[in-house]
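> Have a look at the structure that comes next, please.
The values are calculated or read from the model by the stated rules, or taken from the named source; none is laboratory data. Please read these numbers as outputs of a predicted model, since none were measured by experiment. For neighbour counting, all protein chains shown are included, and Cβ atoms are generated from backbone atoms with ideal geometry for every residue, glycine included. Ligands, DNA and RNA are stripped out before the accessible areas are found, and what is left, the full protein with its side chains, is counted by its heavy atoms. Shrake-Rupley method; radii C 1.70, N 1.55, O 1.52, S 1.80 Å.
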Amino acid sequence: MPPVSRLSLFVRHRIVNMKQRGYKIKEIKEKLYLEDGIPTTRWAISRFLKRREQTGSSFDRPKTGRRQKLNFRHMEIIDEEMLKNDELTAHELRRILQQKADIEVSVDVVTRARRKLGWTLQGSKYCQMVREANKQPRLKFSLDCICSNESFNDVIFTDESTVKIQQHISKSWGKKGRPRKHKAVVKHPFSVHVWAGISRKGATKIAIFTGRMNSLFYQMILERYLTPFISAVYPGGHRLWQDNDPKHVSKSTVEWMTKGDPS
């Protein structure tokens with residue numbers, strides 16, 4: 001038999017109903033397991049029925065735990081401050097409570113209150129920083145693609161990036177049921193550089209290199225990694241999409257593309 005868990009309110013109502021219909025404790029135990037798949041013991045059923053007879057209620061007795069030190073307003077302050085700054089520590093929240101509500105509580109009390117409000121410590125998702133000047137053009141581009149039913153079937157997207165050989169961990173408090181906050185990090189720290197292309201029909205091979213990339217080096221990578229992919233996957237034509245990095249749009253790169261016709 002599976003492990004026995006605490007009697008839920010549904011199970012308690014079922015027990016009361018069967019007892020009123022004349023079932024014995026052993027029969028109630030068997031019916032709960034066979035009909036509802038709920039494992040329990042005769043002792044648990046008997047104990048519940050005895051307590052119900054004494055109290056007249058199927059609910060648990062009120063808990064007699066420690067007296068609450070924080071009231072509704074104090075909890076509101078904690079919630080509001082966490083919404084403003086999701087990286088606040090319990091020590092900082094304790095100081096804020098002292099300043100705003102003139103109440104002295106321990107760090108443990110604040111920690112329990114924050115947890116009770118649904119705040120849990122979680123890792124932050126990575127996102128790249130977008131300059132304010134680029135936000136509207138990017139939104140317009142996305143809307144234009146939607147309106148024109150752009151499928152990108154013949155598009156090859158290429159770009160290079162940098163992989164930092166270092167672990168980056170940033171944690172903050174997040175409330176259950178809310179999406180995680182994005183934490184911006186530097187996009188191009190010095191380390192190993194990577195170039196690659198992707199499309200709806202597959203990806204190119206990956207080029208890994210160090211040092212600075214100029215136009216001639218960029219053309220060499222296109223020759224070695226992009227041209228074979230185009231010949232094998234897009235012999236009937238394609239569109240090459242890349243950003244306006246100087247080495248992507250330089251005169252020598254444009255001339256090389258015109259002669260080799262990779263775009």
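> Hey, what angle do you get for helix 251-260 against the long axis of the chain, alpha-carbon based, 0 to 90 degrees rounded to 10?
Approximately 90 degrees, to the nearest 10.
> Can you tell me the FRET efficiency between Arg239 and Asp79 if r is taken as the Cβ-Cβ distance and R0 is 45 Å, rounded to the nearest 0.05?
Calculated transfer efficiency: 0.35.
> OK, next. Using a Gaussian network for the chain with springs between C-alpha atoms less than 10 Å apart, which of these wobbles most: Lys29, Lys164, Lys175?
In the Gaussian network model the winner is Lys29.
> Tell me the Rg and the Dmax, in Å, that the Cα atoms of the chain produce.
32.2, 94
> Taking the solvent-accessible surface of protein heavy atoms with a 1.4 Å probe, what is the per residue accessible area of the chain in Å²?
70
> I'd like the accessible area for Phe10: 1.4 Å probe, protein heavy atoms, all chains in place, Å² to the nearest 10.
110
> Between Phe209 and Met257, what is the label-to-label distance in nm when each label sits 7 Å out along the Cα-to-Cβ direction?
1.7
> While we're here: Could you tell me what percent of the accessible area of the chain is made up of carbon and sulfur, with a 1.4 Å probe and every protein chain present?
Exposed carbon and sulfur together represent 53 percent of the surface.
> Go ahead and estimate [θ] at 222 nm for the chain from helices alone: -39,500 (n - 2.57) per DSSP H run with n ≥ 4, summed, over the residue count, rounded to 500.
Helices in the chain give a 222 nm mean residue ellipticity of -13500 deg cm²/dmol.
> Given Cβ point charges of +1 (Lys, Arg) and -1 (Asp, Glu) and nothing else, what value in debye, to the nearest 20, does the dipole of the range 19-166 about its Cα centre take?
With only Lys, Arg, Asp and Glu charged at Cβ, the dipole is about 1700 debye.
> Please arrange Glu104, Glu87 by accessible surface area, largest first, computed with a 1.4 Å probe and ligands excluded.
Of Glu104, Glu87, the descending order of accessible area is Glu104, Glu87.
> Turning to a different aspect of this structure: Would you mind telling me which residue in Pro39, Pro235, Pro137 has the biggest mean-square fluctuation in a Gaussian network model of the chain, where springs connect alpha carbons within a distance under 10 angstrom?
Its mean-square fluctuation being the largest, the pick is Pro39.
> Let me ask something additional. Between Arg114, Arg47, Arg94, where does the largest GNM mean-square fluctuation fall for the chain, given springs only between Cα atoms within less than 10 Å?
The residue with the greatest mean-square fluctuation here is Arg47.
> Over the range 43-107, consider all pairs of different Cα atoms and compute the Kirkwood hydrodynamic radius from their mean reciprocal separation; express it in Å, one decimal.
Numbers: mean 1/r = 0.0664 Å⁻¹.
After inverting the pairwise mean of 1/r, the radius is 15.0 Å.
> Would you please give the FRET efficiency between Asp102 and Lys176, computed as 1/(1 + (r/R0)^6) with r the Cβ-Cβ distance and R0 = 22 Å, to the nearest 0.05?
According to the calculation, E is roughly 0.15.
> Taking K and R as +1 and D and E as -1, what net charge do the other residues with C-beta under 14 Å from the C-beta of Thr55 add up to?
Working: positive: Arg12, Arg47, Lys50, Arg51, Arg52, Arg61; negative: Glu53, Asp60.
Its environment carries a net charge of +4.
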